[in-house]
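What follows is one structure encoded as structure tokens, with my remarks underneath.
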Amino acid sequence: MESTSSRATATQREQWMVEGQVFRIYELFGSIPRNAQTQLLELQRDNHIEYLTKGLRQLGPSFTVLDANRPWLCYWILHSIALLGDALDDELEDNVIDFLGCCQDVNGGYGGGPGQMPHLATTYAAINSLITLGGDRSLSSINRHNLHTFLLRMKDRNGGFRMHDAGEMDVRACYTAISVASVLNILDYELVKDVGNYILSCQTYEGGIAGEPGSEAHGGYTFCGLATMILIGEVGRLDLHRLVNWVVFRQGVECGLQGRTNKLVDACYSFWQGAVFALLQRVHEINDDKKNHTTSNLFEGEAIKEDSSHLVEYHEIGFNFLEGCAMEEPLFHSMALQQYILLCSQLQEGGFRDKPGKQRDYYHTCYALSGLSVAQYSSSKDFDSPPLHSALFGPYSNLVEPIHPIFNVVLDRYQEAHEFFSGLPH
Amino acid sequence: MDSDEEEQRIPLSQRPEWSDVIPVQQDDGPNPVVPIAYKEDFRETMDYFRAVYISDERSPRSLRLTAEAIHFNPGNYTVWHFRRLILEALNCSLHDELDYIERFAKSNSKNYQIWHHRRWVAEKLGTDAATKELEFTKKILSIDAKHYHAWSHRQWVLQALGGWEGELDYCQQLLEDDIFNNSAWNQRHFVITRSPFLGGLEAMREFEVSYTIKAIRANPENESPWRYLRGLYQHDTEALISSLQIPSLCVEVLSAKNNFIFALSLILDLLCHGFNPSEEMKNAVQVLKNSDSQPSDLSLADTICGILESVDPMRKNYWAWRKQRLAAQGT
């Protein structure tokens, strides 16, 4: 092994290049006059909304590669608009509901477009879109009974879920399935059984969670795994301290978040990793001292049992989660993250991008804004009182709507949905 | 399809072999949202695909059609799924299918569907496919050494089809190319713990610790080997706090007074597990304190938290939380 004076590796070269671009932006920002700074600090609401609404109405031919992801496009756009505190006109809302209705499979679940096989990810996106719209017509359009059948069909014997018939299995599939089941009040023991075991097997030696057992710890899957464990009431089975120690080191000198150790910063991780922090802040098991659990990560007997005497109100977990607060201050640097999002990811002309040098897109717009929300509300004990001025990077007018960090929908839409589906039979 | 082929493409409506099929239009409803301005050739291809999908025609022409549809949109999982049904029904050569995927993957590797398809084919071929699959993933990794799907696929191949013999060497080679490649470190952990040819983690630990310490010495700012080192003791804290090499390494790194955050962090964790620090270690830590900071009667763990709050400000809140928790742990 040679000393550091030898040639830089690919990782180092790429990292230094990104650092260079990011620092140039920060230095430029620091050097310009106050009134010019103000412009750059502002969340460009109008331009973002214009970019988003345009996409909802029409997309160019280059989007053909996303033709099996149209509910995602709906969700990325609708959720972003909702975060910005705006709404669609009634006609456009109806069109969304009707279109997603065309994507709904007669046997349950939603596909990537009309006539496509139902898929867990597009189901998640469709459900979250409908919840974001809110209202009776939107929420009633979901065939919960058939959706439950679809979810069961996706369930594998080992506890995990497949994304579609004979499709791939990973932690993402677990999250998308459990998330929609929870919010729609159709989550039961049959769906929950052994999911915890599968996710546990995906926590790596690094502390984060991988897509499949053995793979590398990754921000997207860590969010999915943690959120799912919370929803099924088994979060204490994870090695939370190891997880925390991994995720805190995902924030580097660029101020934004990376998805994996020694990889590059990306604005979308503002949500995937950022929300991990938001979740951990409300997980009381984080305060448990695990010093004596040296041989195993498993809390024996913690897995949910089937008998009715131990019945867990799954539907209430997501709702009750908002009430607890295990930590006052977030474990990440909120201002630094907001700085990356607004100065490096935001485009003045509308939309957000992965990092300087990349193009804007709806996916990054959605997750940069979601991450901004997480950061802005990270010091708020509850969501009823708005954040202090000191919690925001830039003017107070930058404040976006709060989200439910497990589902990533705007909070008051989640609450409406929770009430709507609570009353309905399983 | 490159521009030459596009110019030569004959519309399906003009191909004699498709004359009996009535294309089925997409039903987006009257006022769809997120409508995509499809080009004519894509629209037509999908109209014909829908026809054979709905009629469940598992024929050679359907197979060719799925390739055309995939070319336009490799993310269409419904098309891939139907392609698999056809391959099964026609009992096609799966080796040819691997070649097809390989040609395709070079330009479309960041796509779940390709990898799932590849796994399905390889599974059907069984252990004979092991070598080819390891070569294929190696090719992808030579372009992008951290390709997530490629690594997952490679791990699946090893577990389902075998081929472990050369894997540790492969990790070694990748780490020589780039010691910061966390995917390679992760793979190393995978091999150490699961290869039927090695003795398991405990048997390999001594060698691995030496290897990792060398890597840390070369680049103490490299997070990967530090995490890997902890990983070697994940289920054996007793062995961790009894190690002589690890505290020695930490002191060495601290003494260089540069890139010592991971070293301090590791010492902190050792202390939380009941480790007894030497005087040398305590002194090495004290040297790093700011002159204006804490009183000297604080515990070593407390002192470390204080130093880290100062030298690692991005994680200020985390180190403050750790310090706060020391009281609860009795450290």
- Message: What does the C-alpha gyration tensor say about the overall shape of region B:68-146? Classify as rounded when a/c is under 1.5, otherwise prolate if a/b is larger than b/c, or oblate.
- Response: oblate
- Taking the Cβ-Cβ separation of A:Gln39 and B:Asp128 as r and a Förster radius of 56 Å, what is the calculated FRET efficiency to the nearest 0.05? 0.35
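Give the range of the longest stretch in chain B that excludes all GluC sites (Glu not before Pro) found in loop regions by DSSP and having at most 16 other beta-carbon atoms within 10 Å.
Value returned for the longest uninterrupted segment is B:58-220.
At R0 = 51 Å, how high is the FRET efficiency between A:Val106 and B:Asp144 if r is their beta carbon distance? Nearest 0.05 is fine. Please list the in-between numbers first.
Numbers: r = 40 Å, r/R0 = 0.79.
Step by step, r from the Cβ atoms, then E = 0.80.
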- Which of A:Met154, A:Met327, A:Met229 moves the most in a Gaussian network model of chain A with Cα springs under 10 Å? A:Met327
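Could you please tell me the mean projected area of the C-alpha convex hull for region A:60-175, averaged over all directions and given in square nanometres to one decimal? Mind showing how you got there, number by number?
Details: hull surface 31.4 nm².
The number I arrive at for region A:60-175 is 7.8 nm².
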- Search the structure for amide H atoms under 5 Å from the amide H of A:Leu257, placed 1.01 Å from N in the peptide plane, and list their residues when 5 or more places away or on another chain. A:Asp266, A:Ser270
- region A:67-126 and region B:230-287: distance between their alpha carbon centers, rounded to Å: 52
- Task: List the residues of region B:38-62 whose backbone N lies under 18 Å from a point placed 7 Å from the Cα of A:Arg57 along the Cα-to-Cβ direction.
- Result: B:38
- Query: Top mean-square fluctuation among A:Gln37, A:Gln58, A:Gln15, Gaussian network model of chain A, C-alpha springs under 10 Å?
  - Reply: A:Gln58
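Return the average number of partner chain Cβ atoms within 10 angstrom of each residue Cβ along peptide B:175-188. Don't skip to the answer; put the middle values down first.
On the way: counts 2, 3, 3, 7, 7, 10, 6, 8, 6, 1, 5, 10, 3, 0.
Partner-chain Cβ atoms within 10 Å, mean over residues of B:175-188: 5.
For the residues B:Trp80, B:Trp321, what sequence is obtained by ranking on other C-beta atoms within 10 Å, fewest first?
Numbers: B:Trp80 23, B:Trp321 19.
Neighbour counts put them in this order, fewest first: B:Trp321, B:Trp80.
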- What is the spin-label model distance, in nm, from B:Ser19 to B:Lys257 if the labels are put 7 Å beyond Cα along the C-beta direction? 8.9
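Loop-only trypsin sites (Lys or Arg not before Pro) in region B:230-331, please: DSSP not H, G, I, E or B, and at most 14 other Cβ atoms within 10 Å.
Working: sites: B:Arg230, B:Lys257, B:Lys282, B:Lys289, B:Arg315, B:Lys316, B:Arg322, B:Lys323, B:Arg325; in loops: B:Lys257, B:Lys289.
Sites meeting the loop and neighbour criteria: B:Lys257.
Looking at region B:68-162, which trypsin sites (Lys or Arg not before Pro) are in a loop (DSSP not H, G, I, E or B) and have at most 15 other Cβ atoms within 10 Å? Working shown, then result.
Working: sites: B:Arg83, B:Arg84, B:Arg103, B:Lys106, B:Lys110, B:Arg118, B:Arg119, B:Lys124, B:Lys132, B:Lys138, B:Lys139, B:Lys146, B:Arg154; in loops: B:Lys110, B:Lys146.
Those that pass, being in a loop and sparsely packed, are B:Lys110.
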- With 0.36 nm assigned to each residue of separation and the Cα-Cα distance removed, A:Arg24 to A:Glu50 gains 6.5 nm
- Can you list the residues of region A:176-197 with backbone N under 19 Å from a point 7 Å past the Cα of A:His426, pointing along Cα to Cβ? A:177-196
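Among all stretches of chain A without exposed trypsin sites (Lys or Arg not before Pro) (DSSP loop, at most 15 other Cβ atoms within 10 Å), which one is longest? Could you put the intermediate results ahead of the total?
Values: sites that count: A:Arg7, A:Arg157, A:Lys291, A:Lys305, A:Lys358, A:Lys381.
Answer from the scan: A:8-156.
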- Can you work out the FRET efficiency for the pair B:Leu298 and B:Ser242, with r the C-beta to C-beta distance and R0 = 25 Å, to the nearest 0.05? 0.45
- Query: So which chymotrypsin sites (Phe, Trp or Tyr not before Pro) in region B:197-263 are both in a DSSP loop and have at most 16 other Cβ atoms within 10 Å of their Cβ?
  - Reply: B:Phe197
- Query: Given the C-alpha centroids of region B:52-113 and region A:171-247, what is the distance between them in whole angstrom?
  - Reply: 32
- Checked the protein assembly as shown with the C-alpha gyration tensor, a ≥ b ≥ c its square-rooted eigenvalues, rounded below a/c of 1.5, otherwise prolate if a/b is larger than b/c and oblate if not; verdict prolate
- Query: Using helices alone, what [θ] at 222 nm do you get for the protein assembly as shown, with -39,500 (n - 2.57) per DSSP H run of 4 or more residues, divided over all residues and rounded to the nearest 500?
  - Reply: -17000 deg cm²/dmol
- Take every DSSP beta bridge whose two residues both sit in the protein assembly as shown, then give the antiparallel share in percent to the nearest 5. 90
- Note on the structure: Ranked by GNM mean-square fluctuation in chain A (Cα springs under 10 Å), the top entry among A:Leu369, A:Leu41, A:Leu279 is A:Leu41
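Just so you know, all these numbers are worked out from the coordinates, no wet-lab data involved. These figures come from a predicted structure and were not determined experimentally. Note: ideal-geometry Cβ built from the backbone for every residue, glycine included; neighbour counts use all protein chains shown.
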